[in-house]
Amino acid sequence: MPQLTVSELRSLNRAGNPTFTGIYVLRKIAQRTAKNDNAFLVVDFGDRTGSFGSTFFGDSPLFSVLKGLTEGAVVRVDGKLDYFQDRLSPKITRLEPISDAELAAQPDLIATLVESAPEDGAALWTEFQSHIAALQQPELRATVQAVFDEIGESFRASAAAVAMHHAYRCGLLEHTTHMARAARALLPIYPEVHADLALAGILLHDIGKTIEYESGLTVRKSRRGLLQGHVVLGYQLARKHGLKNKLPADLLERLEHIILSHQGELEWGAAVMAATPEAVFVSMVDNLDAKMGMVQRALRNAGEADEFSEYLPGLKSPVLVRPPQG
């Protein structure tokens, strides 16, 4: 039986609950307790084409196998196609961890497991550097350039989130470049917004994620990410290089405010609410691209027979994935 990707699983005819086999990464393992006090595991499996969840109860022989594994482990599974509340949730019947030695012997396998931005990473980075070069204020441009001289390599590969949006390799570069494109199109409409400051804020708004996240076969938060978060970490990086490059005090304070407020709402992780024209602008462009990134990913991962995506928490709704007719 051929190994099926997650995308291929979604395209299978649901009739008869067909069996399948595949190789996936354990993206998340969480132990929960049922109302009867029995433990069960909620596990997310994934590859570069998408992910699905399955539940394993304590009386399952696979429960103890999974308890011995960590997030990022690669497993070969056999299962039967199934859905729960219209979400892909196969019944896993067999699960076998794949050793590091076996993975090393199959380098092409890794490429099938790690989701990456659909756009070419090198081209995105070249475009990103052109947005830095477009900054007219010398100290502001020097500040932004110095940040990326320090974090450029990690920024190019980093995900933009653990799960919500652009949560894959090169996702942070993709998200930030898309925001820069949108900003340069929108800025002429809003002359009250300081264009250089807004563009610099966009380029720097998520730089703390290069420290917040550790990326491998899965994306997880680092110690500093858990203790401080990307908003504070990004503020620290911007302030350090702003001071080194003698960025005027008012511009530095406003740039820091963009980073501190870009999450939009305090309950979403913002340190403060946006209170300058530039901060409001950056927060709105960030929200736009984050949500459209969710839509784009849902469209990419949709099965041929799907009319709607699965429920997307960030949108509080599934998305209609069939194109308009007529």
| task | State which residue is modelled with the lowest pLDDT when the search covers only segment 153-203 and only residues that are over 20 Å from R48 (Cα atoms) and of a type in the set (D, E, K, R). | result | E153
| Is there a residue being among the hydrophobic types (A, V, I, L, M, F, W, C), surrounded by 15 or more Cβ atoms within 10 Å (Cβ to Cβ) and closer than 24 Å to A305 by Cα anywhere in segment 63-74? | no
| said: So A163 passes all but one of these: (1) under 10 Å from the mean Cα position of the chain (by Cα); (2) buried (at least 18 other Cβ atoms within 10 Å of the Cβ); (3) farther than 30 Å from D250 by Cα. Which condition number does it fail? | reply: (2)
| task | Restrict the check to segment 187-204 and report whether at least one residue is touching a residue at least 24 places away in the same chain (Cβ under 8 Å), of a type in the set (G, A, S), closer than 23 Å to S222 by Cβ and surrounded by 15 or more Cβ atoms within 10 Å (Cβ to Cβ). | result | no
| When only residues in segment 9-19 that are touching a strand residue (DSSP E or B) at 6+ places or on another chain (Cβ under 8 Å) and surrounded by fewer than 20 Cβ atoms within 10 Å (Cβ to Cβ) count, which is nearest to I98 (Cα to Cα)? | T19
| Selection from segment 69-86 of residues that are assigned to a loop (DSSP other than H, G, I, E, B) and either in contact with an Asp or Glu (Cβ under 6 Å, 6 or more places away or on another chain) or within 21 Å of L113 (Cα to Cα) (or both) | L69, T70, E71, G72, A73, L81
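Residues checked against (1) buried (at least 18 other Cβ atoms within 10 Å of the Cβ); (2) within 22 Å of E214 (Cα to Cα); (3) aliphatic (A, V, I, L, M); (4) out of contact with any helix residue (DSSP H, G or I) (no Cβ under 6 Å at 6 or more places or on another chain):
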site: K35; (1), (2), (3), (4): no, no, no, yes
site: F40; (1), (2), (3), (4): no, no, no, yes
site: A105; (1), (2), (3), (4): no, no, yes, yes
site: A111; (1), (2), (3), (4): no, yes, yes, yes
| message | What are the pairs with Cβ atoms under 9 angstrom where one residue, in segment 230-257, is under 13 Å from A200 (Cβ atoms) and the other, located anywhere, is among the aromatic types (F, W, Y)? Sequence gap at least six, or different chains. | response | E256/Y235
| Just to be sure, is R94 of a type in the set (D, E, K, R), surrounded by 15 or more Cβ atoms within 10 Å (Cβ to Cβ) and in contact with a Leu (Cβ under 9 Å, 6 or more places away or on another chain)? | no
| query | Limited to segment 83-126, what total is found for residues that are under 29 Å from P18 (Cα atoms) and among the aromatic types (F, W, Y)? | reply | 2
| said: Could you check segment 258-283 and list, in sequence order, the residues that are in contact (Cβ under 8 Å) with a residue 40 or more places away in the chain and either out of contact with any helix residue (DSSP H, G or I) (no Cβ under 7 Å at 6 or more places or on another chain) or farther than 13 Å from A198 by Cβ (or both)? | reply: G269, A271, P277
| query | Quick check, is R220 modelled with pLDDT under 95, more than 23 Å from P188 (Cα to Cα) and either basic (K, R) or buried (at least 19 other Cβ atoms within 10 Å of the Cβ) (or both)? | reply | yes
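To keep it simple, each residue is scored yes or no on (1) more than 24 Å from P118 (Cα to Cα); (2) assigned to a helix (DSSP H, G or I).
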position	(1), (2)
E153	no, yes
A160	no, no
A163	no, no
H230	yes, yes
| request: May I ask you to list the residues in segment 238-253 that are crowded, with 20+ Cβ neighbours inside 10 Å and in a helix (DSSP H, G or I)? | output: A238, H241, G242, L252
| field | A305 vs. criteria surrounded by 14 or more Cβ atoms within 10 Å (Cβ to Cβ), touching a helix residue (DSSP H, G or I) at 6+ places or on another chain (Cβ under 8 Å) and either outside the structural domain of R141 (by TED's automatic domain parsing) or assigned to a loop (DSSP other than H, G, I, E, B) (or both) | value | no
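The values are calculated or read from the model by the stated rules, or taken from the named source; none is laboratory data. Computed from a prediction, not measured in an experiment: that's the story for all the values here. In this analysis, Cβ positions are derived from the backbone assuming ideal geometry, glycine residues included, and neighbour counts consider all displayed protein chains.
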